[in-house]
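The values are calculated or read from the model by the stated rules, or taken from the named source; none is laboratory data. These figures come from a predicted structure and were not determined experimentally. Cβ placement follows ideal geometry from the backbone for every residue including glycine, while neighbour counts extend to all protein chains displayed. What goes into the accessible areas is simple: the full protein's heavy atoms, side chains included, and nothing from ligands, DNA or RNA. Shrake-Rupley method; radii C 1.70, N 1.55, O 1.52, S 1.80 Å.
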Amino acid sequence: MRKIGVGLLGFGTVGSGVVKILLENRQLIESRLGASLALKWIALRDLEKDRGVAVDASLVTTDPKMVVNDPEVDIVVELIGGYDPAKTFILKAIENGKHVVTANKALLAAHGDEIFSAASRKGVEIGFEASVGGGIPLIRSIKEGLVANSIQGLYGILNGTANYILTKMTDQGEAFSDVLKEAQKLGYAEADPTFDIEGIDAAHKLTILLSIAYGIPIDFEAVYTEGISKVTPLDIKFMKEFGYRIKLLAISKDDGEAIEARVHPTLIPADAMLASVNEAYNALYIQGDAVGNVMLYGPGAGMMPTGSAVVSDLVDVARNILRGAVGRVPSMGYQPDEVKARRIKSIDELETEYYFRFSAEDKPGVLSKISGILGRHQISIKSVHQKGRDLVGAVPIVMITHEAKEAAVKEALSEIDQLDIAKDKTVLIRIEDWG
Ligand code: NDP
Ligand code: HSE
C-alpha cells in the first residue's frame, strides 16, 4: 500500500488528538483512502511531558527543521500555534514542495494571503479545516458543498471558550473567572485566553470565512471586534426577562454593495436555533441564495474534534496527491486571480436593535431626560423597564430599542453619560433578530 509521509509540528492538545486518530483509526482511514498516512515525525519542545498517547521515541524530535526538510514527508501539519516560528516553518515546508495542514487561525488571519500565494506558486495545498469551528466541517461546506451559492449572510458561534463561559454564567450563575479556568483545563482556550474572551479568536475565524465566502483578501483589521469581558450577571438577568439569550456572534451580511463584518456579544431570541448552541459547541448559520438557510453545528474546540478536522484535511490532500489532482479546489475556494477586495462597512453604518442599561439617580424626570435625548437622535424605544434600586442608590433602567443607527446611538449615549443623573457608563448590547 502506498504511504503518504506526514510530519507533525506540535504535540499539544490538537497534536495529541491527531496522533490518537491516526493510530486508532488507521485501518478505517486506509480503507477510505487506499493508502496509508505514515507518521514520520512529531516535533515538540519538552521531551519529558506526558502526552497521553504512546508513540515510538524515534518519531519524536525537538528540531522542527528535521520535519520540514525530510524528503519522506509529503504533508507537514502545523499545530504549534501563534505567528512565529509557525509561519517560518510553514513557508519553509512550502518552499520544500510539501503540502501543509494547519489549525492556526491567528496566523491565517494575519498572513493567510502570503501563505496561500506561496502555496499556489509552488503548486502545493494548504488545508485549514480545523482553523474554524473545531470538528465541524465548515470550510469544506462553504468551499464545496455550497459552491453553487452566493452567500448572503453568516451568523456564527465560533469560539468554544466564550460560548462555554456565557452558557455557564447564564444557566448556572457561575463566575466568569471560574468558568474560564474550567475551559482552559478542558483544552478549549488559546495559549493567550484574551483571544477567546475579547472576541479576537472569533474575529480571526470570521476573517477566514469572509475570504472563502466572498472571494476577498484576508483583512482582519476590517472586522469590528468586541469581546465578552464586560458582560455582567445583572445584564444576563435582565435580558432573560426580555426573552433573549446572549451569544458572542460573528456576523457577516452582503447587501451586494458592501459587506458587514463584526464580532460582539449579541442578544438573540431565546427560541432562535443558535440560542440552543451551548457550552463549547459551535454553529454557523449560513444564508445562501440557492439553498436557503443551513445551520452546521458541532463541537467547536478540544483535542478529538479538532484532531478529526485536521485528519480530514490530511485525507483530502492525500487523495489529491494519489490522483494527481493537487490544487483541484483552490485554497480560498476562488481562483487566485478572482480574489478581489470589497468594501467592508464600518460599525457606525450598522442599523440594528439595541439593549441599553442606564444607571441613573432615582429621582423624578430621569426617564424623560434619557428618552428626550434618544428621541432627538431618532432612536425609538420598543420597551422599557425600570428596576429596583441597587445598593449604591442607582436605578438600572433597561431599554430595548427599535432599529437605530449605531452612529446615532453612540452620540446619544455619550450625551446621556454626561448628564448629572448618570451614575455609570451605559451598557450597550446589540440585538440580532433575523427571524
Ligand atoms: P498547545 O499549546 O496545546 O500545543 C502546542 C504544541 O506546539 C506543544 O506540543 C508544544 O510543545 C509545541 N511547540 C510550541 N513551540 C514549538 C516549537 N518552537 N518547536 C516545536 N514544537 C513547539 O496548542 P493546541 O494544540 O491547543 O493548539 C494548536 C493550534 O491549533 C493553535 O494554532 C490553536 O489556535 C489551534 N486550535 C486549537 C484548538 C483547541 O481546541 N485547542 C481548536 C482549533 C484550533 P510542548 O508540548 O513540548 O510545549
Ligand atoms: N480557543 C478556541 C475556542 C479553540 O475556544 O474556540 C478552537 O478554535
query = Working from the pairwise distances between different alpha carbons, so that the mean of 1/r is found and then inverted, what is region 347-431's Kirkwood radius in Å?
reply = 12.8 Å
task = Would you kindly calculate the translational diffusion coefficient of region 176-265, applying Stokes-Einstein with the Kirkwood radius from alpha carbon pairs, for 4 °C and a viscosity of 1.567 mPa s, and quote it in µm² s⁻¹ without decimals?
result = 89 µm²/s
task = Could you check how many percent of all C-alpha pairs in the chain are farther apart than 38 Å?
result = 28 percent
query = Within the chain, which complete DSSP H helices have Cα atoms spanning at least 20 Å along the helix axis and a mean Kyte-Doolittle hydropathy of -0.5 or higher?
reply = 105-122, 200-214, 303-322
inquiry  = Can you tell me the convex hull volume per residue for region 144-299, based on C-alpha atoms, in Å³ to the nearest whole number?
reply    = 117 Å³
ask   = Roughly how big is region 144-299's charge dipole about its Cα centre, with Cβ charges of +1 (Lys, Arg) and -1 (Asp, Glu), in debye to the nearest 20?
value = 400 debye
key: Surface per residue (accessible, 1.4 Å probe) for the chain, Å²   = 43 Å²
note = About its Cα centre, the chain carries a charge dipole, from +1 on Lys and Arg Cβ atoms and -1 on Asp and Glu Cβ atoms, whose size in debye to the nearest 20 is 620 debye
query = How much accessible surface does LEU146 have with a 1.4 Å probe, in Å² rounded to 10?
reply = 20 Å²
Mean ellipticity per residue at 222 nm, deg cm²/dmol - from DSSP H runs of n ≥ 4 across the chain, formula -39500 (n - 2.57) = -10500 deg cm²/dmol
query = Comparing HIS264, HIS99, HIS377, which has the greatest mean-square fluctuation in the GNM of the chain with Cα pairs linked when under 10 Å apart?
reply = HIS377
Listed residue (THR62, VAL73, VAL398) projecting farthest to the positive dipole end of the chain, Cβ model = VAL73
key: Length added when fully stretched, LYS240-ASP289, from 0.36 nm per residue minus Cα-Cα   = 14.3 nm
query = Farthest toward the dipole's positive end in the chain, which of PRO269, ILE200, GLY133, given Cβ charges of +1 (Lys, Arg) and -1 (Asp, Glu) about the Cα centre?
reply = GLY133
query = What fraction of the DSSP beta bridges in the chain is antiparallel, stated in percent and rounded to the nearest 5?
reply = 65 percent
ask   = Build a GNM of the chain with springs between Cα atoms under 10 Å: which of ALA35, ALA280, ALA250 gets the top mean-square fluctuation?
value = ALA35
For the chain, built as a Gaussian network whose Cα springs stay under 10 Å, the top-fluctuating residue of LYS247, LYS49, LYS423 = LYS49
request  = Quick one: check the C-alpha center-to-center distance for region 261-294 versus region 142-200, whole angstrom.
outcome  = 12 Å
inquiry  = Could you tell me the center-to-center distance, by alpha carbons, between region 345-420 and region 33-80 in angstrom?
reply    = 56 Å
key: region 212-300 - charge dipole about Cα centre, Lys and Arg +1 at Cβ, Asp and Glu -1, debye rounded to 20   = 460 debye
request  = For LYS205, LYS20, write out the residues from largest to smallest accessible area, computed with a 1.4 angstrom probe and no ligands counted.
outcome  = LYS20, LYS205
note = With GLU198 itself left out, Lys, Arg at +1 and Asp, Glu at -1 over residues whose Cβ is under 11 Å from its Cβ give -4
